[in-house]
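Taking it in order: structure first as structure tokens, then the write-up.
What follows is calculated from the coordinates using simple rules that are stated; it is not laboratory data. Note that the structure is predicted; figures quoted are calculated from it, not measured. Glycine gets a Cβ as well: all are built from the backbone with ideal geometry, and neighbour counts include every protein chain shown.
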Amino acid sequence: MAADTVEPRRLLVTGGGSGIGQAVCRIASDRGMQVVALDTDADGLAETSAGTRISTVQCDITNEDAVITAVAQASEMVGGPIDSLVAAAGVYRIKPAVELDGMGFLLLMAVNVTGAFLAAREVARHLVDSEVPGSIVFLASMASESGDTHEPAVHYSASKGAVVSMTRQLAVEWAPHEIRVNAVSPGVISTPMLRLTDDPEAAARYLQHGVPLRRLGRADEVARACLFLIGSESSYITGAILPVDGGATIA
């Protein structure tokens with residue numbers, strides 16, 4: 001079988017215990033992939049996915065040694081090198097910049113950027129050592145595209161801008177090893193991290209005027225975009241940032 005038609009079989013998902021990461025795990029498992037979810041708490045996934053092929057590993061992705069161990073453990077669980085990664089773990093906090101301290105800024109960078117990098121680096125190391133092609137998908141955000149006065153979060157925006165830059169750099173750097181690197185950029189998605197709906201009136205106004213499709217996105221819609229980018233149907237796509245935002249960034 002030609003290299004560009006080989007489907008990934010062994011998927012690692014950071015942040016697989018909830019939200020978009022959980023949706024990726026479930027859909028990928030339904031499609032027959034071997035899936036390992038990394039999270040600080042993936043018990044909910046284990047409880048609601050009985051009978052599937054989803055394995056779980058508890059891991060703090062900001063801890064480099066823990067990530068190294070977790071990726072090695074995940075590879076053992078699925079009987080070979082992880083050949084695809086969706087780095088879905090993330091933290092969202094709202095805080096006006098003048099009230100934000102350095103530790104608060106660094107916390108989001110540690111999870112959203114450093115954690116994503118560490119997971120990707122370890123997966124890439126295993127792929128390079130095994131001479132196996134692979135695919136990595138990061139989670140960016142429409143927050144990296146424009147400012148927001150309603151939910152000020154400079155630390156979140158900065159972290160997702162870094163993810164976009166990291167995607168492009170790693171796509172170039174790892175292309176000689178047949179490792180593709182892309183990112184999905186969600187808009188307002190109905191997950192536990194969503195804060196827009198804390199104010200129903202503001203949410204209704206935003207969806208009416210700021211989102212051409214006039215509704216919230218679903219976690220499974222983002223998950224399917226991630227799985228498209230790791231699969232063989234996107235075999236000539238690398239370094240791309242795919243918006244899944246109902247048209248919000250072009251409105």
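How many nm separate the modelled label positions at Asp148 and Asn63, each set 7 Å beyond the Cα in the direction of the Cβ?
Between Asp148 and Asn63, the simple spin-label model gives 3.0 nm.
Would you be so kind as to identify all helices of the chain, as entire DSSP H runs, whose Cα atoms reach 15 Å or more along the helix's own axis and whose mean Kyte-Doolittle hydropathy is at least -1.0? Kindly include the intermediate steps, with their values, before the conclusion.
Working: long enough: 19-30 (17 Å, 0.52); 64-78 (22 Å, 0.71); 116-130 (21 Å, 0.40); 154-174 (29 Å, 0.17); 219-230 (17 Å, 1.29).
Span-like helices, by this rule, are 19-30, 64-78, 116-130, 154-174, 219-230.
Taking every pair of alpha-carbon atoms in region 1-160, what share in percent sits in each 5 Å bin, from 0 to the bin with the longest distance?
Per 5 Å bin, starting at zero, the Cα-Cα P(r) for region 1-160 comes out as 2, 9, 18, 20, 18, 14, 10, 6, 3, 1, 0, 0 percent.
Of the listed peptides 29-35, 171-177, 97-103, 225-231, what is their order by residue-averaged count of other C-beta atoms within 10 Å, with the highest listed first? Could you put the intermediate results ahead of the total?
Working: 29-35: 18.0, 171-177: 13.9, 97-103: 9.6, 225-231: 22.4.
Highest to lowest by the protection proxy: 225-231, 29-35, 171-177, 97-103.
What does the charge dipole of the chain about its Cα centre add up to, to the nearest 20 debye, if the Cβ of each Lys and Arg holds +1 and the Cβ of each Asp and Glu holds -1? Present the calculation step by step, with values, prior to reporting the outcome.
Working: 18 positive and 29 negative charges, 107 e Å.
That gives the chain a dipole magnitude of about 520 debye.
Among Ser75, Gly32, Pro243, pick out the residue whose Cα is farthest towards the positive end of the charge dipole of the chain, where Lys and Arg carry +1 and Asp and Glu carry -1 on C-beta, about the Cα centre.
It is Pro243.
With charges set only on the Cβ (+1 for Lys and Arg, -1 for Asp and Glu), what does the dipole of region 78-144 come to about its Cα centre, in debye to the nearest 20? Numbers along the way, then the final one.
Numbers: 4 positive and 6 negative charges, 40 e Å.
That gives region 78-144 a dipole magnitude of about 200 debye.
So, how do all the Cα-to-Cα distances of region 98-183 break down into 10 Å bins, in percent, from 0 on up?
Using 10 Å bins, I get a P(r) of 17, 43, 26, 12, 3 for region 98-183.
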